[in-house]
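As structure tokens, the structure follows; a few thoughts come after it.
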Amino acid sequence: MAFVLRLGSRPSKLALIQAELVKSALRAAAGDLSVEIVPIRTSGDRLARRGPLKPAGNKRLFIEELEQALSAWHVDLNVHSMKDLPAVLGPRFRIVAVPRREDPRDALVSRVGAGIGALPVGAMVGTSSARRMFEARRARADLRVLPMRGNVDTRLSRLEAGEFDGAILALAGLKRLGRAEMRGLAPLDEETFVPAAGQGALALEALSGRAVGGSRELEALAGELNDSVAAAETEAERAFLAELGASCASPLGVRARMTDGALSMRALLFSHDGAQAIEDTVSEAAEPAKSGPALLGRELGRRMLEAGGRALLADD
């Protein structure tokens, strides 16, 4: 019987599309390879169907069953949205590859079909993220920004039904779902709407100390999907989160950008109620002694902590 490489994935529509992207890339790299996607429902998936999740511990809820399947060798690789992963993986796991990153920006979908400045005074905007909520209010204090739960299709249906004037979502998810050309979509400026760490990126996770599928050839094949720019950007962003000790509930955005081989980073951190915010930018050119993605991320994290971040994070 021919070997089948098994990819673990959450069972949501978007997660399965992302797993299909990885499957296609693996098949393109080795046309005779059989690849199977194994949907695995996580605790987070089950709880989300019952209502909004409490912030604390959400990241583990969306990966624990996937990592259990990996540990039991029921799958050979897991395909994650990078922003679902904790900043530091457990010692049994590693990131094998970070495929080319999709657009990490947020996007506003609205009936006016333009940016946030075009919304009418007092417009009602929905989002599932505290970060986006505070960024929107910072840009337009008059807006009524309210929680908006559910998957992308559910949120867009509520918008179409007139419950909201606009909705803020990840542009990468809209693109992967084939909604990039939908009416009313406007990408948002990254300087104002600093994305979540890892937004738009995927991660291929494997066991530490064991080649993918127990094969050096498969290990090398998975490594071919790695994009050096995406890997460097997300390594810096995750190092920043680790330095801050931030949780998935922390309302913060960070964006590392690789330009002409050099990294720059911008971060924006809010207090738990959005009343206070601190921001900073760092680049390799400005910090020549601190080269490397992880070092740059930790440096930005240290600066943010010293600038008042400790007090803001203490309320998480």
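Every read-out reported here was derived from the displayed coordinates using simple, explicitly stated rules and does not represent laboratory data. Treat the numbers as computed from the prediction; the structure is a model and nothing was measured. Reconstructed Cβ throughout: ideal geometry from the backbone, glycine too, with neighbour counts over all protein chains shown.
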What the Cα atoms of the range 236-313 span along the principal axes, largest first and in whole Å, is 38, 19, 18
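Using DSSP, restrict attention to beta bridges with both residues in the range 106-187 and report what percent are antiparallel, rounded to the nearest 5. Can you show the working numbers first?
Numbers: 8 of 14 bridges.
Rounded to the nearest five, the antiparallel share is 55 percent.
For Asp84, Asp106, Asp189, Asp260, which order do you get if you count the other beta carbons within 10 Å of each Cβ and list the fewest first? Numbers along the way, then the final one.
On the way: Asp84 21, Asp106 28, Asp189 12, Asp260 4.
Listing Asp84, Asp106, Asp189, Asp260 from fewest to most nearby Cβ atoms yields Asp260, Asp189, Asp84, Asp106.
With only alpha-carbon pairs counted, each pair once and no self-pairs, how large is the Kirkwood hydrodynamic radius of the range 168-316 in angstroms?
Numbers: mean 1/r = 0.0589 Å⁻¹.
Across the range 168-316, the inverse of the average 1/r is 17.0 Å.
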Any residue on another chain or 5+ positions along whose placed amide H is under 5 Å from the amide H of Gly8 is listed here as Val38, Asp76, Leu77, Asn78, Val79
Length gained, Ala220-Leu89, 0.36 nm per residue minus C-alpha separation, equals 45.0 nm
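I want the antiparallel fraction of DSSP beta bridges within the chain, as a percent rounded to 5.
Here the antiparallel bridges make up roughly 70 percent for the chain.
Among His80, His272, His74, rank each residue by its count of other Cβ atoms within 10 Å, from fewest to most, as a rough exposure measure.
Details: His80 25, His272 17, His74 13.
With the sparsest Cβ surroundings first, the list reads His74, His272, His80.
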Going from the fewest other Cβ atoms within 10 Å to the most, one would list Val254, Val4, Val282 as Val4, Val282, Val254
Nearest 10, in degrees from 0 to 90: the angle of helix 228-244 to the longest Cα principal axis of the chain is 60
Among Gly122, Ala29, Gly297, the residue whose Cα sits farthest towards the positive end of the charge dipole of the chain, when +1 is placed on the Cβ of each Lys and Arg and -1 on the Cβ of each Asp and Glu, is Gly122
Length-normalised contact order of the chain, Cα under 8 Å, at least 6 apart, in percent, tallies to 19
As straight-line cross-link partners of Lys23, the qualifying aspartates and glutamates (C-alpha separation under 18 Å, not fewer than 8 residues apart within one chain) are Asp32, Glu36, Asp76, Glu102, Glu205, Glu217, Glu219, Glu224, Asp227
Relative contact order in percent for the range 236-313 (Cα pairs under 8 Å, 6+ apart) equals 37
For Arg27 and Trp73, extending 7 Å from Cα along the Cα-Cβ vector and measuring point to point gives, in nm, a value of 2.7
One would report the antiparallel percent of DSSP beta bridges in the range 98-255, rounded to the nearest 5, as 55
Expected unfolding gain across Arg144-Ala180 under the 0.36 nm per residue rule, minus the alpha-carbon gap, is 10.4 nm
Taking the chain and counting helices only, DSSP H stretches of n ≥ 4 at -39,500 (n - 2.57) each over all residues, the nearest-500 ellipticity at 222 nm comes to -9000 deg cm²/dmol
Residue by residue through the range 3-19, the couplings from Karplus 6.51 cos²θ - 1.76 cosθ + 1.60 with θ = phi - 60°, in Hz, x for Gly and Pro, are 5, 10, 7, 9, 9, x, 8, 4, x, 5, 4, 5, 4, 5, 4, 5, 5
